[in-house]
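Everything below concerns the one structure shown next.
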Amino acid sequence: PAAPAQLIGNGAKIAELRKFLTTWEDVHLKGPELKGKDKPMKAVLISGPPGVGKSSAATIIAKQLGFEVVEVNASDTRGASGKDVKDGVAGKASNAVREMVTNRAVNFFTGKA
């Protein structure tokens, strides 16, 4: 798919992703600074089985809204610093991810649509 109208399935999760991205600037750059559990999420962690459209949905919606897309896969976690996924994200991906996220995330595509 190349456009949002071509995405099939997971409509509620795609709408939730769109809402998160649409309000991101107002929440994080213009809104009041919140602390603790009231602090809004800075990033989205998208998980689910292969082939359900995670990458397609995220890329299409994010680009449509003017965001730069950074994709991190399991293979990105294995680098010179360690060969085990538990060691974390390594290399260039590590620096990019650290700048963009905290330890809070929201899961999409995990359950019924």
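The values are calculated or read from the model by the stated rules, or taken from the named source; none is laboratory data. Every value quoted in this text rests on a predicted model; they were computed, and no experiment measured them. Reconstructed Cβ throughout: ideal geometry from the backbone, glycine too, with neighbour counts over all protein chains shown. The accessibility values were calculated without ligands, DNA or RNA, using every heavy atom of the protein model including side chains. Shrake-Rupley method; radii C 1.70, N 1.55, O 1.52, S 1.80 Å.
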Cross-chain or 6+ apart pairs with Cβ under 7 Å, the range 15-32 first and closer than 14 Å to residue 60 by Cα, then open to solvent by less than 60 Å² (accessible area, probe 1.4 Å) and assigned to a helix (DSSP H, G or I): 17/57; 17/58; 17/61; 18/61; 21/61; 21/62
Any hit, the range 70-86, residues being at pLDDT 80 or above and part of a loop (DSSP other than H, G, I, E, B): no
Condition met for residue 43 (modelled with pLDDT under 85, open to solvent by less than 50 Å² (accessible area, probe 1.4 Å) and either within 30 Å of residue 8 (Cβ to Cβ) or not in a helix (DSSP H, G or I) (or both)): yes
Unmet criterion (only one of (1) modelled with pLDDT of 65 or more; (2) touching a helix residue (DSSP H, G or I) at 6+ places or on another chain (Cβ under 6 Å); (3) not in a helix (DSSP H, G or I)) for residue 57: (3)
